[in-house]
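The values are calculated or read from the model by the stated rules, or taken from the named source; none is laboratory data. Because the structure is predicted, anything quoted here is derived from the model rather than measured. Cβ coordinates were reconstructed from backbone atoms using ideal geometry, including for glycine residues, and neighbour counts include every protein chain displayed. Ligands, DNA and RNA are stripped out before the accessible areas are found, and what is left, the full protein with its side chains, is counted by its heavy atoms. Shrake-Rupley method; radii C 1.70, N 1.55, O 1.52, S 1.80 Å.
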Amino acid sequence: DPRRAAYALPASVLDPAADPTAVTAELASLEGALVVSYAALVAQAEPGARSPVVDAMLTAARRATSLTGQTPAFPGLPERAA
């Protein structure tokens, strides 16, 4: 995947001796941050250019859910985060 070279992961995620639970939590946090970032980009994108950004947002949300077992709250709806 050519995108892998574009992202620097925290050292804690790459440490083979790291606690797997902590690594999973860190990865879920990173995916959650991507969801928020992509949601902001959807709002800024031209109507005809939104689909790829929405797809990226959904992919990040699915990855976060697979890591935590919990569906992340939709960005902008903090009352649903609880």
| task | For ALA45, list long-range residues whose amide hydrogen, built 1.01 Å from N in the peptide plane, is under 5 Å from its own amide hydrogen. | result | none
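Order the peptides 39-45, 18-24 from the highest to the lowest mean number of other Cβ atoms within 10 Å of their residues. Don't skip to the answer; put the middle values down first.
Details: 39-45: 13.9, 18-24: 12.0.
Output ranking for 39-45, 18-24: 39-45, 18-24.
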| field | Approximate spin-label separation SER66-ASP19, in nm, with each point projected 7 Å along Cα-to-Cβ | value | 2.5
| What part of the accessible area of region 1-70, given as a whole %, is carbon or sulfur when the probe is 1.4 angstrom? | 60
